[in-house]
Amino acid sequence: MKAILSAALVVGLCGLAGAQGGKADPVGTWNCEYEIGGQKRMSTMTIEKDGDKLTGTMSWPDQKAEKLKDLKLKASTLTFSAVRKFMDNEFPLDFTLTIDGDKFKGKAASDFGGNKQEFDIEGKREKKGK
C-alpha cells in the first residue's frame, strides 16, 4: 500500500512545471517520473488555461484523466490535489511543484494509514508539435 500511495503522489507532482522569462508557465503536457519501493513509475499530467483559471488532469497507466483540484500558481510554485485510485482504494494526494522552464521538481504528500508520507517527483514538458 505504501508503494501505491507513493506512486500516486509522485505522479500527481509531475503535471506541474514550466517557467519562461521569470514567470512560470505550467500549461502543457508533462511526463512525470517518481520512485516507489525502488521501482520507477511514470505518469502524464496535462495543464490548460481557461482565461485566468488553470485546469488539468493526471493519468497513470491504470487510471486515465483524473481531474486536478485547487490548481494554484504563485511565481514558480504550482500546487494542486488529485485522487489516486488503486485496487479499490482512493488516496488523496497534495502536490507542490517548482517549475523551472520545461522541467519541474517537487513533492507529493498523502495520509496513508494514519501516517503522512511524502514523495519526490520530477517532470519534463513535452515539446509542442511532437
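The values are calculated or read from the model by the stated rules, or taken from the named source; none is laboratory data. Keep in mind that what you see is a predicted model, and the values were worked out from it rather than measured. Every residue, glycine as well, gets a Cβ built from its backbone with ideal geometry; the counts of neighbours run over all protein chains shown.
Taking I99, is it modelled with pLDDT of 95 or more, farther than 17 Å from K72 by Cα and not polar (S, T, N, Q)?
No.
Residues are listed down the side, and each one gets a yes or a no for (1) touching a residue at least 40 places away in the same chain (Cβ under 8 Å); (2) under 12 Å from the mean Cα position of the chain (by Cα); (3) surrounded by fewer than 16 Cβ atoms within 10 Å (Cβ to Cβ):
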| site | (1), (2), (3) |
| --- | --- |
| L73 | yes, no, no |
| F80 | yes, yes, no |
| E90 | no, no, yes |
| D100 | yes, no, yes |
| A108 | yes, yes, no |
| D120 | yes, yes, yes |
Being modelled with pLDDT under 90 and crowded, with 24+ Cβ neighbours inside 10 Å is the filter here; which residues of segment 11-68 pass it? V11, G12, L13, C14, G15, L16, A17, G18
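Listed here are the residues, each with its yes/no results for (1) closer than 12 Å to Y34 by Cβ; (2) touching a helix residue (DSSP H, G or I) at 6+ places or on another chain (Cβ under 8 Å).
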| site | (1), (2) |
| --- | --- |
| P92 | no, no |
| A109 | no, yes |
| G114 | no, no |
| F119 | yes, yes |
